[in-house]
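Here is the structure we will look at.
The values are calculated or read from the model by the stated rules, or taken from the named source; none is laboratory data. Remember, it's a predicted structure, so these values are computed and weren't measured experimentally. Don't worry about glycine lacking a Cβ; one is built from the backbone with ideal geometry, like all the others, and counts go over all protein chains shown. Accessible surface areas use protein heavy atoms only, side chains included; no ligands, DNA or RNA. Shrake-Rupley method; radii C 1.70, N 1.55, O 1.52, S 1.80 Å.
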Amino acid sequence: MMRKGLFTASVGMLLLASSALVQAKDFGTLKFATEAAYPPFNQSTPSGKIVGYEPDMVAELAKRVGFKYELVAQKWSGMIPGLVDGKYDAVVDAVTVTPKREEVVDFTHQYTVSVSGFVTLKGSALDTLPGNNEVVTAGDEAGMTKAIDALRAKFKGKTIAVQVATIQADFLNKYLADVATIRTYQGGPETFADLLNGRVDAVMASRTNLNAYVKKHADTVNSTGYGFVGGVLGQGSAIALRKNNPELKAALDAALVSMIKDGTLKQLSIKWFGENVAPAE
């Protein structure tokens, strides 16, 4: 993936803040799979160019490490299997790190931390969900019980849209599937389209994704209710790699850490999300 990577590390450490740049393995041209339909992480322009937070991040990684790359649009549901089968070298599509996924692929250092939440139609029965945008962590047992019980009562008999094979789908199936209908979609935009058309009552997704949509449709929809982190919702987004590729992982890890330390990732985050969703370290 990387033509020339420049890094340094002391034994047992990822990257020192004042690292010197050293040559790394020639990785050739790397192929990154992305959805090209998950703004502001990634999206396709009318001309077909893939733009967003992640394409900008990959471009910066390429500069720092020295590799050539190609972005390839793929459906989300087939991305991880395609990576494992060798169709591309990495997946960069807001892939959240979870223990289940770590059994199949390796992950780089995280490049976002994100809360999952809900969007509903203004003026609907679910206009305002319980929680007032309070964020609850999976480790807070009392907080989780309170939040889930409140949402179960509110969502009883309703339909919630979610993208298939996502951590949000896992969350809904675990906590709400016995009181609400969970309707899955191949793409994120389809969930929002059915919300606007009244075919579903709410959408669950990452707030970083929801916020972009709410901003665009502020007269029509709300970001509302509790937000959730941890547990089945994982530990933030990272680049997914095939197993047993330590040199590529180390190279990307080092470059990502350098982007966090010098504020580059924060700048890209603010550019695309309007807030800093980059990890602190």
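Classification of the stretch 136-186 by its C-alpha gyration tensor yields an oblate form. The axis ratio a/c (a ≥ b ≥ c) is 1.5 or more, and b/c is at least a/b. Net charge in the neighbourhood of residue 266 (other residues with Cβ under 13 Å of its Cβ; Lys, Arg +1, Asp, Glu -1) is -3.
Taking the charge dipole of the chain about its Cα centre, with +1 at Lys and Arg Cβ atoms and -1 at Asp and Glu Cβ atoms, the residue from 137, 97, 188 reaching farthest to the positive side is 188. The helix-based estimate of mean residue ellipticity at 222 nm for the chain, built from -39,500 (n - 2.57) per DSSP H run of four or more residues and divided by its residue count, is -9500 deg cm²/dmol to the nearest 500. When both bridge partners sit in the chain, DSSP labels roughly 55% of those beta bridges antiparallel.
You can think of it this way: the chain between residue 141 and residue 159 has 3.9 nm of extra reach, that is 0.36 nm per residue less the Cα-Cα gap. When peptides 127-134, 222-229, 186-193 are ranked by their average number of other Cβ atoms within 10 Å per residue, the highest-first order is 222-229, 186-193, 127-134.
What does the charge add up to near residue 121, with Lys and Arg as +1, Asp and Glu as -1, over the other residues with Cβ less than 9 Å from its Cβ?
Numbers: positive: 122; negative: 127, 201.
With Lys, Arg at +1 and Asp, Glu at -1, the neighbours total -1.
What is the calculated FRET efficiency for residue 29 to residue 262, with r their C-beta to C-beta distance and R₀ = 22 Å, to the nearest 0.05? Mind showing how you got there, number by number?
Numbers: r = 26 Å, r/R0 = 1.19.
Efficiency for this residue pair is about 0.25.
Surface composition of the stretch 205-281: carbon plus sulfur atoms hold 49% of the accessible area, using a 1.4 angstrom probe and ignoring ligands, DNA and RNA. Accessible area per residue for the chain is 45 Å², calculated with a 1.4 Å probe on protein heavy atoms, without ligands, DNA or RNA.
May I ask you to derive the FRET efficiency for residue 193 and residue 70 from their Cβ-Cβ distance with R0 = 22 Å, giving the value to the nearest 0.05? Don't skip to the answer; put the middle values down first.
Details: r = 29 Å, r/R0 = 1.34.
Approximately 0.15, to the nearest 0.05.
Placing a label point 7 Å from the Cα of residue 125 along the Cα-to-Cβ line, the residues of the stretch 133-160 whose backbone N sits under 19 Å from it are 149-160. With every protein chain in place and a 1.4 angstrom probe, the accessible-area ranking of 270, 50, 160, largest first, reads 270, 50, 160.
What is the sum of charges, Lys and Arg at +1 and Asp and Glu at -1, for the other residues whose Cβ falls under 13 Å from the Cβ of residue 275? The answer is +4.
Within the stretch 178-199, whose backbone N sits under 19 Å from a point 7 Å along Cα→Cβ of residue 217? Hits in the stretch 178-199 for residue 217 at 19 Å: 181-199. The share of accessible area on the stretch 64-113 that comes from carbon and sulfur is 49 percent, using a 1.4 angstrom probe.
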